[in-house]
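Undergrad: One structure is given below, represented as structure tokens, and several questions about it will come after.
Here, each number is a calculation from the coordinates, and none is a lab measurement. Just so we're clear, the structure is a prediction, and the values are computed from it rather than from any experiment. Cβ atoms come from the backbone with ideal geometry, glycine included; neighbour counts cover every protein chain shown.
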Amino acid sequence: MNNRRLRHEYVLSPITGLAFYDAAPAGPWGGLLLVLVAEDTWLKVYHHTTKENKLLGQLRVFEAQPIHGLYVSQPAPTTDWRESRVLVWGGQSVAIVHQATLQNIIDGVGKNPKQQPKEFRAADWIYDGLLLPGRDNNGVDGVLVTAHNEIVPLTTDGEEIAFGSLASPSRPILYSANLCWLSPGCVLVAGGTVFGEIIVWKYHYPSCESARCEVLHVFTGHEGSIFGVSISPELDLAPDVTGVRLLASCSDDRTIRIWDITERTQPTHTKGDELRRLKLTEARETGFGESNNSEVGLVEGEKGEEGSRCVATAMGHVSRIWHVKFTGRAKHYGEKGQRPVEVWSFGEDGTKQKWELDLDLYLWRTGDGANGTTVGSLRNCGITSCHVGKNIWSAAVYAQEEGRGPVVVSGGADGKVTISGDYEQNSRELDGDSQDHERYYYNDIDISLSLGDVRQSLPGAEAQLKTNGKDGFHRCAFLSEQTFVATTHSGQVYLGSLGNTPITWEEVSLPQVEGQAGEPFNVVKSPAGGVALLARPNGFMCLVQENGRHVRKVECPRDKISDIICLPQPLNPGSDNSAFSILITSLGSDFATCMTLAVKAGDLDGLGLTVWLQPGFIVTAASFCGDKLILGSRVGAVAVCRPACNNTTTTEEFTCEYSRRDCRTKDAVTCILPLPGSAGSSFLTCCRDGKYRIYTLDTTDAEALLHLQHEISPPLGMLEGALFTTGKESDLILHGFRGKNFVVWNESARQELATIECGGGHRPFGAIMSPVKGAGQLKAVFTKASNLRLYSQSGPALRTLKDGGHGREIRAVAACEEYGYVATAAEDTTIRIWKYDTNGSLGSGFKCLAVLEKHSAGIQCLEWYSEGEDKLYLVSSAGNEELFIWRITRLRSDYEGALAVVCETVYTDYSPDRDLRITSFHLNPWTQYHREDFGPGMLISLTLSNSTLASYCYSKEHGFRLLSRGRYTGACPTHIRVLNHIQGYAMTPSQQSELTVLTAFTDGHVGIWQTKRDRDAENFTDYELASVAKLHQSSIKSLDVAYTGSHHWLVVTGGDDNALGFLTVGWDINRIVQEKVVAVSIWDRSRVKDAHAAGITGVCILEGRKRLIGGKAPSGRATGGSLTLDVATVSNDQRIKLWRAEQRLNPKPGDSPTGGTKVALLSNEYSAIADAGDLTLLSRDSSKLLVGGVGMEVWDAG
């Protein structure tokens, strides 16, 4: 057997460092803005305007230390570009990446360079670093600031780094720091302490003398630790207010504060100035707040001066704030006067927030802020949710030229990188296809108009019309990307056109109908491009075309109209391109009318069909699916209608054949949409209960049946509509209302495209969206308080540069080798189903196919189960005694997310208080229970946190049936395996009426349980503890089992005592011979002490593994009278290890092995995954291991 080695293949972990980099003028990416991303030990380079292959290259910088920060030193345009460098630090490690190395990565010369930069270690933990510009810096090339407020100067020679002597005015413990180069020989330092103080000081670095430290300010005011500080560049606020320097800070108290740290040649405040400077140089190392600062003790007057330095305070985030950043723009005034200073904050809540700082320049000039008057205010200008789960760990802001907003990038604990801003340089050439047409019609507009504003803009005498105080806008809809229609409460119709000016208006003249003057329209819909239908309750209906000059009355077969539902495609798709179909409904009627209209030159052709409804069925959505008409109702029901037949002749009627109701609330179905490429066999529905569902339609000549295949709740409230983007692999775009906002959501990319504050749902609303995949372009028009608001965006406010995963720690992983799926479950109570791309190309990895959000507590265990013939299940367990069985189906569709998931069954055998955790379970096929009322099914053996284990037989038709139950002492069980069903073990007929179960516990014991059923009895007896052995000093955290042949099993365990345990379990021959029963006992046990430096949270047996979807069930390989197995382990010490266990096999059947187990360490590697939760094998052929914890990591153990 060849020795295995562990080779790193893929990592998805928190993003801990970000920076912008201007590519060198030469090369394919010359002159473009790139993003440097630090993910664990890797430095990755992304370009954010390309559609595919965003990852240009990557470089491993450190051996076993995550990168914590990046500083890019780039020369002025007149300087040699080759002097560009990137300073990288993490913990105590420091390295420099030179321009040549970085450019090779960017240009594609070696996508994954094997040569790492040289790694050096500083004396303390590093919080910030700076490479000094130019060459005249007294022999110092850069500086670092440490966790004890110390400056470490450094000099460089190629890749070599030498550290100088430490310098500090005092040594408090810092939580944050920021550096700013002021001039040759001087660096400004700001440090935020654990005890809520901010120290601002200067470091003067000499050529030969000792360094000098000068404390400028010590600020108090925050009521918690300082997690972020940021020094602004010198700001010009007005022609006579220049050179202003500010400091932003954020804290555990959830506040943001802005401080004035400008050095004034003529200070406004002089009282006690010399005493203040003397006292500030004293050490400030302990204590929260001013009352505890006994070492400094500011005197009266000094408090007033330092207090006046705080120019603004605001509270915005719902939890701790980690970072605060200035945009870097210096000039803040122009022809229109003063412009606010922009500040960005990033928090534990996963949001970034934009703030604008308004300063009172009069108070600033006169110095009246010394009297306690606030000279500025922070205004919150927007909150953007960027990441799932918790924590934005890194952020960077790039200031663009005048007139363009900044580019803001953030990286979270979920491994995702998001970017916002309007940087689009050369994007057309890089994207490969022009989007001029789409961009022309989707500009950035956000305006609100009253009816009076519109009438005043009308040409001629109409502009003099006075608006009735009670009149206002009532309904609205888009006809095309540049035209929309709006009606008023008095029945007037206006057509708005978007062009070079924001909006041009014209009033539409309607056909005169006696007695209907001034009547409002209750329905305004656009069934096809360029046309709109307007209807009144009394049956009047007219069609308005895009130019506004063609208005036709439509002869409606109904005398009452409650709603008009636009069908996505006409009844006869092969008819005229101008044809469209609508469904007209009336309240209280037992039928609806389906009309197909064709707009032709000078004429309007129409055909009406009757659709018979079930009693009380109120239609709210409709669509054709093949030749079937699918209807959705106000109470969530879905019905199938087909053309009625009279003998062999099809009549002009539709009859309802079948209906079903899946939503548990009485919420309306708002949208029905066929899946692209499904040939009419599948369709999607949206419902106001917040869920979208996918059904498959199974029809025969005799009947039509609907099968629910998918049911998911995206992060919206009420769902109102959906569309699929164009292209081979379509994205699903959903829109609806969440609170007071209208939200557009890309379900395929799990990305929010737009959030518009509109006051909430249940209001007239029209929206049109670009069908181009990834465009994120949309327009919306809606009414609010009788005013009309128009919103348009040329692209999403937030884009995903790098996809992420869970926002919390992963606690369970499971791989389905048969279908190539991987499932992960985390403490954020979500389950994600992935497809792992193993083509080896740069940027390949996990692609998320589905996100399941149903659990209400932390998930404990995951397992796949297959019944063949595309019958695939995923089972999950959690706290609150939750155990869900999910049915997985792959739909035949062009929809990229065509993996359908629905929760088929929920475990309901609860305890009285329902407060237990289902800590583990094991799935196996069950065919032995042949009762007429209960056929073959799934055997589920599980453990609960009250020391109970139980086995159930489950089938979809009959649910759960309890087979047997057992109870241990007071320890909590952590793992369970059914030994009868371990892969490679075939049961004899005498064993088919018995179950043998192995369990592990928090007291370090492993127990074997047995139960049996008499052939004439219906039920099993309770589980009895047949054998028990102590293997660990404390809890058993992980377990795997292999059937090794010769009627025995090898059990491998990982303990909280850092030990790796081996247990041999086999047949008890004496009992088999004497008692004529099948009995299992413990033969042998051994343990590797201190196998890891922390608890072992995952074990996995590799060699000869024949994966069974029911669980970890490999078989070993016997060679030369011994059994050899390779075992992988992962631990909270962030090490992954590969072991070889060799066990001598006794040639006498049934005898216990006498040689014990010999264990050798084959490989020991650093793992990027902190707080590892589980370990599994992706494929036995490739021996790829998946580690789950704070992120995901793949290792090749081949």
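Undergrad: So how compact is segment 774-913: Cα radius of gyration and Dmax in angstrom?
TA: 19.4, 59
Undergrad: Order of 996-1008, 850-862 by packing, highest average Cβ count within 10 Å first?
TA: Numbers: 996-1008: 23.2, 850-862: 19.7.
The packing order, highest mean first, is 996-1008, 850-862.
Undergrad: Can you report the principal axis dimensions of segment 861-900 using only the alpha carbons, biggest first, rounded to whole angstrom?
TA: 38, 21, 10
Undergrad: Right, another one. For Glu867 and Glu703 in one chain, what is 0.36 nm times their gap in residues minus the Cα-Cα distance, to one decimal in nm?
TA: Using 0.36 nm per residue and subtracting the Cα-Cα distance, I get 56.3 nm.
Undergrad: Given the peptides 7-17, 502-512, 449-459, arrange them by the average over their residues of other C-beta atoms within 10 Å, most packed first.
TA: Top to bottom by mean Cβ count within 10 Å: 7-17, 449-459, 502-512.
Undergrad: Once label points are set 7 Å from the Cα along Cα→Cβ at both Gln338 and Ile383, what is their separation, rounded to one decimal in nm?
TA: Inter-label distance under the simple model: 2.8 nm.
Undergrad: I want to check the label-to-label distance for Ala162 and His958. Put each point 7 Å from Cα in the C-beta direction and report it in nm to one decimal.
TA: Between Ala162 and His958, the label points sit 8.3 nm apart.
Undergrad: If every alpha-carbon in segment 770-823 counts as one equal scatterer, what log10 I(q)/I(0) does Debye give at q = 0.15, 0.22, 0.23, 0.32 1/Å?
TA: -0.74, -0.93, -0.96, -1.20
Undergrad: Using only the Cα atoms of segment 652-761, what semi-axes does the equivalent ellipsoid have when each is the square root of 5 times a gyration tensor eigenvalue? Give whole Å, largest first.
TA: So the equivalent ellipsoid measures 27, 17, 11 Å along its semi-axes.
Undergrad: Please compute the length gained on full extension between Lys202 and Asp453, using 0.36 nm multiplied by the number of residues separating them and subtracting their Cα-Cα distance.
TA: Between Lys202 and Asp453, full extension yields 84.6 nm more.
Undergrad: Moving on. For an R0 of 30 angstrom, estimate the FRET efficiency from the Cβ-Cβ distance between Val513 and Asp627 and round to the nearest 0.05.
TA: 0.25
Undergrad: My understanding is that a pair violates if its Cα-Cα distance is over 24 Å; which of Lys390/Lys779; Lys773/Lys835; Lys1030/Lys1158; Lys666/Lys835; Lys416/Lys835; Lys118/Lys416 do that in this structure?
TA: Lys390/Lys779; Lys666/Lys835; Lys118/Lys416
Undergrad: What is the packing order of peptides 60-69, 961-970, taking the mean over residues of other C-beta atoms within 10 Å and listing the highest first?
TA: Ranking the peptides 60-69, 961-970 by packing returns 60-69, 961-970.
Undergrad: Under a plain spin-label model, where a point goes 7 Å from the Cα along Cα-to-Cβ, how far apart in nm are Arg967 and Ala1160?
TA: 4.9 nm
Undergrad: 5 Å is the cut-off here: which amide hydrogens, built 1.01 Å from N in the peptide plane, fall below it relative to Gly412, excluding neighbours closer than 5 in sequence?
TA: Here the answer is Ile15, Trp393, since their amide H atoms fall under 5 Å of that of Gly412.
Undergrad: Rounded, prolate or oblate: which one fits segment 506-548, using the alpha carbon gyration tensor with axes a ≥ b ≥ c (rounded when a/c is under 1.5, else prolate when a/b beats b/c, else oblate)? All intermediate terms of the calculation are to be shown ahead of the outcome.
TA: Working: a/c = 2.43, a/b = 1.45, b/c = 1.67.
Verdict is oblate for segment 506-548.
Undergrad: Additional query: Which FRET efficiency value, to the nearest 0.05, is calculated for Val551 and Glu653 with the Förster distance at 30 angstrom and r the Cβ-Cβ distance?
TA: Result of the calculation: an efficiency of 0.45.
Undergrad: So between Ser1086 and Thr262, what do we pick up on full extension, going 0.36 nm a residue minus the alpha carbon distance?
TA: Going from the current span to full extension adds 289.8 nm.
Undergrad: Tell me, what is the FRET efficiency for Asp1022 and His1047 to the nearest 0.05, using R0 = 22 angstrom and their Cβ-Cβ distance as r?
TA: 0.30
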